[in-house]
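First up is the structure itself, then whatever we jot down about it.
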Amino acid sequence: MSAESTPEPGIPEAGTKGPGRRSRGRRRKAPGKGRRALLVTAWTAAGILVLGGTGVGYLYFKLNGNLKTVDINQALGTDRPTKVDNGSENILVLGSDSRSGSNKKLGGGVDDGSARSDTAMIIHVYKGHKKAAVVSVPRDTLIDRPSCTDAQGTTHSAATGVMFNSAYSTGGAACAVKTVESITGIRMDHYLEVDFSGFQKLVDELGGVEVTTTKAIDDRESHLDLKAGTHTLNGKQALGLVRTRHGVGDGSDLGRIQLQQAFVKALIEQVKQVGVFTSPKKLYDLADTATKTVTTDSGIGSVNSLIGFANGLKSISSKNMHMVTMPVEYDPANPNRVIVAEAKAKLVWKALKNDAPIPASATKGTATGQAKGVVTSL
């Protein structure tokens with residue numbers, strides 16, 4: 001049940017009429033001098049969560065009641081990598097591909113009662129919080145999953161040679177975090193998750209995201225049909241773009257990751273174009289949607305904690321985000337799967353542990369998709 005509180009001055013009640021909105025899909029004019037904010041995506045997204053400082057009281061205490069959290073620390077106990085105290089932070093962002101509820105129509109496919117991590121990104125925020133590295137983990141990567149305990153207390157035995165995204169469907173968020181920590185040797189400080197319907201709603205609340213496609217994308221499975229050119233994508237189209245794998249490139253998950261990374265950069269830039277932080281009503285709507293659709297670890301599972309977390313990241317722009325894919329190579333036994341390129345992956349994890357830039361040699365010569373440059377941002 002949501003905790004109630006008197007709203008801060010200048011903030012309309014949730015049900016009252018606020019400032020008029022422009023029609024969705026229309027390009028917003030960039031605001032004047034404003035404070036930058038990092039759009040943390042956890043679908044991801046992201047999760048996608050937009051919370052930043054505006055100099056105005058803008059959040060109700062009752063938003064706390066919207067939040068869903070998972071206590072990763074309690075679930076994993078002490079059997080985890082040691083926290084590196086160098087001022088950096090590591091965040092695991094997952095997008096869930098559950099086909100249940102409102103997600104079934106959006107995602108297509110079969111509702112088999114399970115969910116997988118459709119998208120996974122490790123975000124490393126460097127000391128000083130001015131730069132970040134984003135490492136996408138292909139869902140089709142064959143890995144050795146450690147034993148893990150789910151939220152209901154059931155322990156699942158370790159498994160060898162299983163797909164990475166099965167960790168989430170096996171033991172939920174805690175198992176996904178433990179698997180990532182096992183692969184990387186790096187402790188995840190925070191966790192963010194968003195599902196299909198949440199992702200779509202958040203993009204719509206932002207008024208859409210502008211991208212340019214250098215070639216046509218047509219994928220009936222992800223409900224996407226875009227001609228070459230500039231588009232302001234609504235939530236449904238954006239969801240189709242980050243999920244498509246058959247409409248562009250070689251049809252691989254690696255190509256889809258390239259599209260996702262391009263979209264994330266466009267999303268971050270769009271936040272700076274939209275007058276989110278000049279409209280209390282707009283900000284409330286966005287915060288209300290975000291807190292209803294994003295699941296976080298308990299460490300940032302309150303509005304106040306989220307504000308502090310996001311304020312610490314607001315200086316990071318898309319230009320200061322280095323995006324790579326975890327070094328992989330195609331599995332000789334199955335071209336539809338990939339395996340970790342261990343020697344090169346170790347270069348990535350070593351760099352992040354040392355709060356250092358990821359060297360170009362870490363990804364040189366590894367397997368890649370064929371969708372790079374198909375989507376560009378402003």
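The values are calculated or read from the model by the stated rules, or taken from the named source; none is laboratory data. All figures in this text were calculated on a predicted structure; none of them were measured in a lab. Counting neighbours? That spans all protein chains shown, and the Cβs are built from the backbone with ideal geometry, glycine included. For accessibility, only protein heavy atoms count, side chains too; no ligands or nucleic acids. Shrake-Rupley method; radii C 1.70, N 1.55, O 1.52, S 1.80 Å.
Overview of results
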| item | result |
| --- | --- |
| Of all residues making up the stretch 205-230, the number that are assigned to a loop (DSSP other than H, G, I, E, B) and open to solvent by less than 10 Å² (accessible area, probe 1.4 Å) | 3 |
| Any hit, the stretch 105-127, residues being part of a loop (DSSP other than H, G, I, E, B), open to solvent by 40 Å² or more (accessible area, probe 1.4 Å), within 25 Å of residue 269 (Cβ to Cβ) and at pLDDT below 90 | no |
| Single condition residue 189 does not satisfy, out of (1) open to solvent by 10 Å² or more (accessible area, probe 1.4 Å); (2) out of contact with any helix residue (DSSP H, G or I) (no Cβ under 7 Å at 6 or more places or on another chain); (3) farther than 24 Å from residue 68 by Cα | (3) |
| Filter pass, residue 291 being open to solvent by less than 20 Å² (accessible area, probe 1.4 Å), in contact with a strand residue (DSSP E or B) (Cβ under 6 Å, 6 or more places away or on another chain) and among the hydroxyl-bearing types (Ser, Thr, Tyr) | no |
| Sole residue being farther than 25 Å from residue 348 by Cβ, charged (D, E, K, R) and out of contact with any Asp or Glu (no Cβ under 9 Å at 6 or more places or on another chain), chosen from 205, 193, 221, 181 | 221 |
| Pairs with Cβ under 9 Å, 6+ apart, first in the stretch 69-91 and within 25 Å of residue 136 (Cβ to Cβ) and free of Cβ contacts under 8 Å to residues at least 40 places away in the same chain, second buried (at least 18 other Cβ atoms within 10 Å of the Cβ) and among the aliphatic types (A, V, I, L, M) | none |
| Positions within the stretch 290-319 being under 15 Å from the mean Cα position of the chain (by Cα) and charged (D, E, K, R), in sequence order | 297 |
| Among the candidates 303, 264, 271, residue that is out of contact with any His (no Cβ under 9 Å at 6 or more places or on another chain), of a type in the set (A, V, I, L, M, F, W, C) and over 24 Å from residue 321 (Cα atoms) | 303 |
| Residue, farthest from residue 176 (Cα to Cα), within the stretch 87-104, restricted to residues that are among the polar types (S, T, N, Q) and at pLDDT below 90 | 102 |
| When residues of the stretch 137-159 are limited to those that are open to solvent by 30 Å² or more (accessible area, probe 1.4 Å) and assigned to a loop (DSSP other than H, G, I, E, B), the one nearest to residue 178 (Cα to Cα) | 147 |
| Long-range neighbours under 7 Å by Cβ, at least six apart or interchain, first residue more than 20 Å from residue 227 (Cβ to Cβ) within the stretch 366-378, second among the acidic types (Asp, Glu) and not in a loop (DSSP other than H, G, I, E, B) | 366/329; 367/329 |
| Given (1) open to solvent by 20 Å² or more (accessible area, probe 1.4 Å); (2) without any contact (Cβ under 8 Å) to a residue 40 or more places away in the chain; (3) farther than 29 Å from residue 354 by Cα, number of the condition residue 171 does not satisfy | (1) |
| Leading residue by the ranking (most open to solvent (accessible area, probe 1.4 Å)) among those in the stretch 174-186 that are among the small types (Gly, Ala, Ser) and not in a loop (DSSP other than H, G, I, E, B) | 182 |
| Residue list for the stretch 317-333, filter: out of contact with any Asp or Glu (no Cβ under 6 Å at 6 or more places or on another chain) and either surrounded by 17 or more Cβ atoms within 10 Å (Cβ to Cβ) or in contact (Cβ under 8 Å) with a residue 60 or more places away in the chain (or both) | 317, 320, 321, 322, 323, 324, 325, 326, 327, 328, 331 |
| Residue identified as open to solvent by 50 Å² or more (accessible area, probe 1.4 Å) and modelled with pLDDT under 95 among 282, 372, 314, 350 | 372 |
| Residues of the stretch 231-261 that turn out to be open to solvent by less than 10 Å² (accessible area, probe 1.4 Å), within 19 Å of residue 326 (Cβ to Cβ) and among the polar types (S, T, N, Q), as a count | 1 |
| Subset of the stretch 262-274 that is in a helix (DSSP H, G or I) and open to solvent by less than 10 Å² (accessible area, probe 1.4 Å) - its residue that is modelled with the highest pLDDT | 263 |
